[in-house]
Each structure stands twice: as structure tokens, then as C-alpha cells.
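This report refers to the structure that appears directly beneath it.
Read the figures in this text as sums done on the coordinates, not as results from a lab. From a predicted model like this one, the values you see are computed outputs, not experimental measurements.
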């Protein structure tokens with residue numbers, strides 16, 4: 001895929017297959033590793049979803065949690081460790097497909113920096129989540145993007161409003177996702193047909209299947225997003241029947257731990 005933003009145009013013929021960087025064993029490979037990135041590209045996904053945490057010395061590493069215990073053989077907080085300390089760890093130490101086998105203890109996977117991820121996948125779109133409530137994370141990502149280029153193939157999101165505001169000011173050409181307050185405001189506005197009064201700073205919304213038990217992606221919500229020209233994706237959908245439902249709704253992307261299943265659906269329906 002070339003470095004244009006046509007992949008972000010709404011109303012696609014089919015949803016994008018967005019590989020979710022799962023680290024808990026629900027996916028095919030340990031997420032947020034170089035192995036995961038390379039295998040997903042080889043599988044033929046449309047985009048890669050990754051998470052970034054900030055190190056003590058200002059680097060960004062691919063890791064979902066701010067702590068190390070759940071996924072690596074280390075302990076403590078990522079923000080308290082230097083990159084050199086983190087590079088000694090196995091990012092897939094606890095990954096298991098069944099809770100009994102741990103295949104990567106004998107095949108350790110190093111933690112990956114965002115620079116290494118960009119270098120390994122120079123043409124593949126990425127959906128990036130900044131995990132830290134720290135403007136240095138936005139600044140570090142902005143530097144990495146400037147170095148690697150490819151602004152048009154990225155979506156950057158964060159749950160932290162100040163971080164995403166900082167990033168938007170630094171990289172105005174990069175598409176960003178809605179923060180939770182922004183998404184809630186949009187949801188409320190579309191309930192009273194007032195979504196066109198909004199002037200969103202975001203171009204995309206990556207949202208869960210439901211929020212406090214309420215389904216997010218109704219036909220009204222999808223129609224409202226269409227009227228505003230927004231790109232909308234759902235996470236995380238792993239079962240084929242649920243995938244079919246969101247395909248029928250006409251979403252622009254489906255984030256999944258099992259992109260192989262989603263790709264198979266498209267192959268059998270073509």
C-alpha cells in the first residue's frame with residue numbers, strides 16, 4: 001500500500017482488516033513484537049494496531065501495559081527503565097496460546113522501538129495508541145514520524161487529552177482518533193441529530209463494541225459518522241458471526257486478534 005491516505009476514506013467496499021496487537025494469547029502471535037508485525041504484514045492485513053509506552057530516557061517502545069509483569073520477564077514500570085534495560089527483556093515471555101505452553105521462552109522476542117517498527121514496516125498503515133499521560137510521548141512520536149516519513153499511513157490515538165492535543169499541534173497532517181470525551185460528545189450529538197454542529201479535531205473513531213452495556217455502532221451512529229466524513233472502526237472482534245454483523249453495518253475497519261478469520265470471510269464472499 002502506498003503512502004496516501006486513501007485507506008482512510010470512509011464508505012469503503014469492505015472494512016479494513018486491522019490486526020490487534022494482543023499480548024495475552026488470543027492472537028496468532030505475541031502482539032507488539034517484531035514477529036507480530038512481520039507475520040501480520042505477510043498475512044496481508046490492511047493495518048497494524050500497536051501500543052506505545054515511554055521509557056525513562058525518552059524512547060517509545062511497543063508495549064500495551066505501563067508495567068512489565070504481565071507480558072515480559074521483567075518487573076516495574078516502563079517509565080522507570082532505560083531503553084538499554086528494556087532491551088534485555090523478553091517481550092513474549094508470558095505469551096501462551098493455551099495457558100500451558102510458552103513457546104517464546106526458548107525463542108525470546110525483544111522489545112521493539114517505534115523507530116524499529118517503522119523501519120520494519122515502511123509501507124503498512126498503523127493505528128498507534130500513546131499510553132502515557134506525558135507530553136514527551138507525543139514529542140517523541142512526532143520526532144520518529146518526521147524521521148521515518150509516511151504521515152498519511154498513520155492514525156494516532158490516546159486516552160489522554162493533553163497528549164493528543166500536543167501531538168495534533170506537532171503533527172497536524174497525521175490523522176488522529178477521537179479521545180473518549182470527544183467520542184462521547186459525538187455520540188450525544190448524533191442522538192439529537194446535531195453532529196454536524198461539531199467541528200471535530202479528529203478524523204477517525206476507534207471504538208469498542210459496547211460502552212457500559214450499550215451498543216455503540218447503531219445504524220444511526222454510522223449514518224451520523226458518514227455525514228461528518230469520519231472513518232470508524234470497531235474493536236476487538238474475533239468471532240466470525242460478529243465480524244459479519246459489523247461488515248453488514250458498513251464500518252470502515254475491524255480491529256481483531258484473528259485477522260486470518262476476517263480475511264477468510266472476505267475470500268469466501270468474493
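Per-structure values
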quantity: Share antiparallel - DSSP beta bridges, the chain, percent rounded to 5; calculated: 20 percent
quantity: Percent antiparallel among DSSP beta bridges (both partners in segment 122-270, rounded to 5); calculated: 10 percent
quantity: Three-way shape label, segment 134-270, alpha-carbon gyration tensor, a/c 1.5; calculated: oblate
quantity: Listed candidates (1) 1.07; (2) 1.43; (3) 0.98 - label of the one calculated as Cα Rg over 2.2 N^0.38 Å; calculated: (3)
quantity: Helix 259-269 axis, angle to the chain major axis (alpha carbon atoms, nearest 10°); calculated: 40 degrees
quantity: Helix 34-43 axis, angle to the chain major axis (alpha carbon atoms, nearest 10°); calculated: 40 degrees
quantity: Compactness index (Cα Rg / 2.2 N^0.38 Å), segment 163-225; calculated: 1.17
quantity: Of 37, 63, 185, the one that fluctuates the most in a GNM where the chain has Cα springs shorter than 10 Å; calculated: 185
quantity: Fluctuation leader among 162, 132, 90 - the chain, Gaussian network, Cα springs under 10 angstrom; calculated: 162
quantity: Shape category assigned to segment 1-61 from the gyration tensor of Cα positions, a/c cut at 1.5; calculated: oblate
quantity: Overall form of segment 59-197 per C-alpha gyration tensor (a/c, 1.5; a/b vs b/c); calculated: prolate
quantity: Among beta bridges that DSSP assigns inside segment 198-270, antiparallel share in %, nearest 5; calculated: 20 percent
quantity: Rounded tilt (10° steps) of 161-170 against the dominant C-alpha axis of the chain; calculated: 90 degrees
quantity: Choice from 199, 147, 79 showing the highest fluctuation, given a GNM over the chain with Cα pairs closer than 10 Å; calculated: 199
